[in-house]
Structure formats: structure tokens, C-alpha cells
Amino acid sequence: MAGGRNSSGAGRPIILILTGAAFGTVISFALESFGVLKIILRPFVLDIPSHTYLDFFFLSFSFGLHLNITIATIAGALGGYYLARKW
């Protein structure tokens, strides 16, 4: 390995953004359970059912996605992005 050579560093910002989004979601669910800002913290749900298939003769793929996004999730992801840029 060459000395003094840095890696691209793409992993750290992705981890920080996902961690910030996870913390934002946890805070959102905690505030929603107490009834604070219930209208603002209502999640936007993107749902692609799991019976969506891409079928070849020899191989079959099944896709599914259920995504809940709140304002707190977006704020947490932006906080993680800000932390990744500063760090």
C-alpha cells in the first residue's frame, strides 16, 4: 500500500447521513407518541409491493420497498450531511 495515499472517503458521509436520518426518525416517533407536533410529523409513505417481479427464463427477481419519511428524517439526514462536510 502506498504511503500517504488517502481513500476516496465516500463511506463516512453515507454512514453519517444514514445515522442522522435514523436519529431523526427515532426523535420523530418519540415526539409523535407524546402527541407533540403530530400533524407535522406525519410520515410520507412510499410503498412498492413485494410482488413486483422481473422474470427471465432462468432467473426471477422480486422487488419491494416500504419507505416512511418524515420532516425529522430529512432534518436528521441534512444534519448528518452537514456533519460529514465539516468533519
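For the range 69-82, a residue qualifies if it is without any contact (Cβ under 8 Å) to a residue 60 or more places away in the chain and part of a helix (DSSP H, G or I), and the qualifying residues are 71, 72, 73, 74, 75, 76, 78, 79, 82. Close Cβ contacts (under 6 Å, 6 or more residues apart or on different chains) running from residues in the range 51-68 that are open to solvent by 70 Å² or more (accessible area, probe 1.4 Å) to residues that are among the polar types (S, T, N, Q) comprise 53/62; 63/52.
Taken together, the residues in the range 28-49 that are polar (S, T, N, Q) and either open to solvent by 100 Å² or more (accessible area, probe 1.4 Å) or under 19 Å from the mean Cα position of the chain (by Cα) (or both) amount to 1. Of all the numbered requirements in (1) open to solvent by 100 Å² or more (accessible area, probe 1.4 Å); (2) of a type outside the set (A, V, I, L, M, F, W, C); (3) in a strand (DSSP E or B), residue 85 misses one, and that requirement is (3).
The values are calculated or read from the model by the stated rules, or taken from the named source; none is laboratory data. In this text the structure is predicted, and so the values were computed from the model without any measurement. Cβ sites come from the backbone with ideal geometry, for glycine too, and all protein chains shown count toward neighbours. All accessible areas refer to the heavy atoms of the entire protein, side chains included, with ligands and DNA or RNA removed. Shrake-Rupley method; radii C 1.70, N 1.55, O 1.52, S 1.80 Å.
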